[in-house]
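None of the figures in this text is laboratory data; all of them are computed from the coordinates on show. Remember, predicted model here, so these are calculated numbers, not experimental data. Ideal geometry is used to build each Cβ from the backbone, glycine not excepted, and the neighbour counts take in all protein chains shown.
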Amino acid sequence: MRNGDVQKRRSHSIDIALAESPLVTSAWLSEHLDDPRIVVADVRWYLQGKPGIEAYRAGHIRTAIFVEVDRDLSSPPGPGRPGRHPLPDPDAFADFLARIGVGPDDVTVAYDDTGGSTAARLWWLLRYFGHGGGRVLDGGIQAWQAAGGALTTATPERTPAPRMTLRPRREMVVDKARMKEMALTDRGVLLDARAVERYEGKVEVIDARPGHVPGALSAPFVENLSAPGGPFRSRAELEQYYAALGVASGRPVVAYCGSGVTACHDLFALALIGHDDARLYEGSWSEWAADRTLPATLGGR
């Protein structure tokens, strides 16, 4: 690391008060882009179609490092691991953070081109592993460009950081047994972040069966946004939306999706309105649908 970088780190040059919200604007990022304590992560990923790395190579924010959902933000699926995107283990995630240069005092700003649908997974994982520096760029790369931000095809250099010791906060996650208990006893609020047509079972593009967890409510992540791929709705709008779904203080809330990625978008939106105790069903529909002993509901609730 260059001496200037060291001095900047020691001076704690970021005004953390400006980044207390997990959601940051393009103006904020532009102002802080060259601060060495800001790590920018390009988390573009697509369920079907081109790999995210192709979008990154075609143009990205100047200091952004590409983050691969399947490789960096998940463990490989397999026996004993829930769903298509099991959570990474602490050692693997610590290695990943060290590789991209994230230290304990750094702020990591994640973005994508789908309104934060995959960027929120990185924010959630940082929080799950006890690091409070995760942020999401509101409106993603489209908002950055609309504000006059330039893109580059050059790959930035980032000095690796010392490896941190991470401890997962398992209270932020529910497993299949707990999800089954909540579904069959109607205790708490279960939110399905997938598209409505997948929730209703009209379309299933990847998982073993169509439908949704009994008792779950449709809460597609796109409803958190003012427009598809756009910025988040206002706090008042999000509060009204989630209140209509039954989210209230004291009620347990669990979000799921196909594999635990876009569910983090609902958890992010809930955190924006003060419900930061909502939990993730890790295996999500990919785990539930694969277990033929569990019921699946078609249509609306």
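At a glance:
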quantity: Estimated dipole of segment 170-290 in Debye, rounded to 20 [Cβ of Lys and Arg +1, of Asp and Glu -1, Cα centre]; calculated: 100
quantity: Cα long-axis angle, helix 235-244 against the chain (0 to 90 degrees, to the nearest 10); calculated: 20
quantity: Within the chain, helix-based [θ] at 222 nm, where runs of 4 or more DSSP H residues each add -39,500 (n - 2.57), nearest 500; calculated: -8500 deg cm²/dmol
quantity: 0 to 90° range, to nearest 10: angle between helix 119-128 axis and the chain longest Cα axis; calculated: 90
quantity: Student exercise, segment 3-146 dipole from Lys, Arg, Asp, Glu Cβ charges, in Debye to nearest 20; calculated: 220
quantity: Estimated translational D of the chain in µm²/s (Stokes, Kirkwood radius over Cα pairs; 10 °C; 1.306 mPa s); calculated: 81
quantity: Rounded FRET efficiency, nearest 0.05, which uses the C-beta distance separating Glu54 from Gln240 and R0 of 45 Å; calculated: 0.70
quantity: The chain: most fluctuating residue of Ala263, Ala271, Ala177 per GNM, C-alpha cutoff 10 Å; calculated: Ala177
quantity: Pair Glu31, Arg167: separation of 7 Å Cα→Cβ label points (nm); calculated: 3.5
quantity: Relative exposure of Ile53, Ile273, judged by other C-beta atoms within 10 Å (fewest first); calculated: Ile53, Ile273
quantity: Extension gain from Glu157 to Asp175, taking 0.36 nm per residue of separation minus the Cα-Cα distance; calculated: 2.6 nm
quantity: Protection-proxy order for peptides 129-135, 201-207, each taking the mean of Cβ atoms within 10 Å per residue, highest first; calculated: 129-135, 201-207
quantity: Eligible aspartates and glutamates near Lys202 by straight Cα distance, threshold 17 Å, same-chain separation 8 or greater; calculated: Asp192
quantity: Partner aspartates and glutamates for Lys50 [C-alpha distance under 19 Å; skip if fewer than 8 residues away on the same chain]; calculated: Asp42, Glu68, Asp70, Asp72, Asp112, Asp113
quantity: Convex hull (Cα only) mean projected area of segment 186-292, reported in nm² to one decimal; calculated: 6.5
quantity: Overall form of segment 84-198 per C-alpha gyration tensor (a/c, 1.5; a/b vs b/c); calculated: oblate
quantity: Fluctuation leader among Gly258, Gly215, Gly116 - the chain, Gaussian network, Cα springs under 10 angstrom; calculated: Gly215
quantity: Size of electric dipole in the chain: Cβ of Lys, Arg +1 and of Asp, Glu -1, about Cα centre, debye, nearest 20; calculated: 420
quantity: Dipole of segment 3-146, positive end: most advanced residue of Gly103, Ser117, Ile141 [Cβ charges, Cα centre]; calculated: Ser117
quantity: Nearest-ten-degree value, helix 176-185 long axis tilted from longest Cα axis of the chain; calculated: 50
quantity: Rounded to 5, the percent of DSSP beta bridges in the chain classed as antiparallel; calculated: 10
